[in-house]
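Enquirer: Handing you this structure, nothing more for now.
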Amino acid sequence: MSTASRQRGITIRDIRARKGGEPIVCLTAYSTPMARFLDPHVDLLLVGDSMGNVVYGMETTLGVTLDMMIAHGKAVARGTEHACLIVDLPFGSYKESPQVAYRAGARVMAETGAKGVKLEGGVEMAETIRFLATRGIPVMAHIGLTPQSLHADGGYRAHGREADEATRLMADARAIAEAGAFAVVVEGTVEAVARDITAAIPIPTIGIGASAACDGQILVTEDILGLFADFTPKFVRRYAELGAEVAKAVQAYAEDVRARRFPGPEHLFGPKKPS
Ligand code: KIV
């Protein structure tokens, strides 16, 4: 895909303008072939740091680096023509200061061709979001269950169950919207809180385990396709069992090789035909 053709397709303004309208369809992608499959059907593709778990077999996202995000961002960009491409800023690459975040975001956008970046955090990240957004780096925020804060947060758990946490989440959402984020992922958050946030802020909320009340939805692609079996969160719906299909196909190949049924005559190179 040329850079010029990636400039077309769904823009940040288009996503922002979908607030309260037709739900925004988002999925993750980490590779060119998968991006090509997904691109015609979705509004936004996220190169998520979930690739640490899904692609690299890590237990958390904390080991994912900026270089890894950029390498996979470039790969996904090659398969993306229609969807708005966003790349995650990984753990350790942006919370130190707005300037550090700017350098990370600028590298991601310049080297991958992504239209914006996603970062985790609420009120405490508002200053950074404003710094980036006013300097040409569109920001998608991410609140509620934020996997980069797994240890500080006491593990993966639903957010907004207690009144004080619901109040903090609303303050986070208002602060990041006011700071200039163009959308916000709301993860692992109880329905009533996600609904209230969606009604209260002027930017789209993208839910993941946060109910259909949000302005859009995102899931990890491998989760919905049955390609990642380590752990399936409660909020995932499986639309296919491709992992089982892969196992079946590989078993058939192995049996054919062992029985010398593969390769067949149709796969052979013959001698050069006399001219
Ligand atoms: O890393 C990721 O893939 C994400 C989405 C699932 C929201 O943050």
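Enquirer: Using θ = phi - 60° and the Karplus curve 6.51 cos²θ - 1.76 cosθ + 1.60, what whole-Hz ³J(HN,Hα) does each residue of region 198-210 get, with Gly and Pro shown as x?
Expert: 4, 6, 8, 10, x, 10, x, 9, 10, x, 9, x, 9
Enquirer: What FRET efficiency comes out for the pair A192/E127, r = Cβ-Cβ distance, R0 = 25 Å, nearest 0.05?
Expert: Taking R0 as 25 Å, the efficiency between A192 and E127 is 0.30.
Enquirer: At what distance in nm do the modelled label points of A17 and S31 sit from each other, each positioned 7 Å from its Cα along Cα→Cβ?
Expert: Those two pseudo-labels are separated by 3.6 nm.
Enquirer: Taking R0 as 30 Å, what's the FRET efficiency between V257 and K74 from their Cβ-Cβ distance, rounded to 0.05?
Expert: Calculated transfer efficiency: 0.30.
Enquirer: How do the peptides 202-208, 254-260, 228-234, 40-46 rank, highest first, by the average count of neighbouring beta carbon atoms within 10 Å per residue?
Expert: 202-208, 40-46, 228-234, 254-260
Enquirer: Here's another thing I want to ask about it. Using each residue's phi in region 78-87, evaluate 6.51 cos²θ - 1.76 cosθ + 1.60 at θ = phi - 60° and report the 3J(HN,Hα) Karplus result to the nearest Hz, with x for Gly and Pro.
Expert: Along region 78-87, the couplings run 5, x, 10, 10, 9, 6, 7, 8, 10, 10 Hz.
Enquirer: Now, a different point. Starting from the Cα of L62, step 7 Å along the direction of its Cβ; do the same at E96; then give the gap between the two resulting points in nm.
Expert: It works out to 1.8 nm between the two label points.
Enquirer: Any chance you could tell me what percent of the C-alpha pair distances in region 3-241 go past 22 Å?
Expert: The share of Cα pairs beyond 22 Å in region 3-241 comes to 48 percent.
Enquirer: Now for a different question. Only bridges whose two residues both fall in the chain count here: according to DSSP, what percent of them are antiparallel, nearest 5?
Expert: Close to 5 percent.
Enquirer: Quick check: Cα centre of region 161-198 to Cα centre of region 71-131, how many Å?
Expert: Here the two parts' Cα centres lie 21 Å apart.
No lab work stands behind these numbers, since they all come straight from the coordinates. Predicted model, so just to flag it, every value in this text is computed and none were measured. Note that we place each Cβ from the backbone using ideal geometry, even for glycine, and neighbour counts take in every protein chain shown.
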